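As structure tokens, the structure follows; a few thoughts come after it.
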Amino acid sequence: MSFATIFNSTRVRVRSNWVQARVDDPPFTDEPASAIFIGARNNDIVVEKNKVVSASGNGIDITITNGQGDPGTPPPANVVVRKNKVRNTHFGIHFALHTTGGTVTGNTALDNRAVDCKDESIPLANTWTDNVGRTAAPRIICTAPTTLDNNRAGHDGKAHDKQKFKKHSKHHKKWKKQKKHRPDPCACTLPWRF
């Protein structure tokens, strides 16, 4: 029921996915499922540039699972959550109790049912910077969006479009220059053609 569930792993990357739950499915009403779940015995996992549109449970959930082994089971550690967008889930981005060494940077979590950003580590054992969310626990881990356009929270739309155009224009000039210096693939260079 989850898009990605990871246990007992090191150096795994979950990148550039679009995740949308079929929330009307009967199993979801009994047992909610997180879109991306990082469970027990994980270390050095990167969750990057994913877009979670909906999930019956949490969007990105970093937690030790209930029933996963004995009480000494190691919780997930050193998880990087970077540049993701999460909407319509229970907790948008969630780090549970006992998680440590997490880095949460440049994410946008908006319009989630309970809380957009939540970290239960005591004391705060994960580093949160430049994240956008209307609701957060504790409040310091995410800041409220500053523009009406929630998809580009924190950016001036015009400046963003100018930057995008500049980047495209630079790429086009570079491509044109490369094309100019390439030999014509259709021109025959064999001596018998002269």
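Quick look at the values:
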{"quantity": "Amide proton proximity set for Val52, modelled H, under 5 Å, gap of 5+", "calculated": "Val19, Lys85, Val86, Arg87"}
{"quantity": "Dipole moment magnitude, nearest 20 debye, the range 4-154 about Cα centre, only Lys, Arg, Asp, Glu C-beta charged", "calculated": "560 debye"}
{"quantity": "Amide H partners (placed H, <5 Å) of Asp119, local residues excluded", "calculated": "Phe95, Ala137"}
{"quantity": "Sorted by Cβ density within 10 Å, fewest first, the residues Ile36, Ile122", "calculated": "Ile122, Ile36"}
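Throughout, read-outs are computed from the coordinates displayed, never taken from laboratory work. Values in this document were obtained by computation on a predicted structure and should not be read as measured data. Counting neighbours? That spans all protein chains shown, and the Cβs are built from the backbone with ideal geometry, glycine included.
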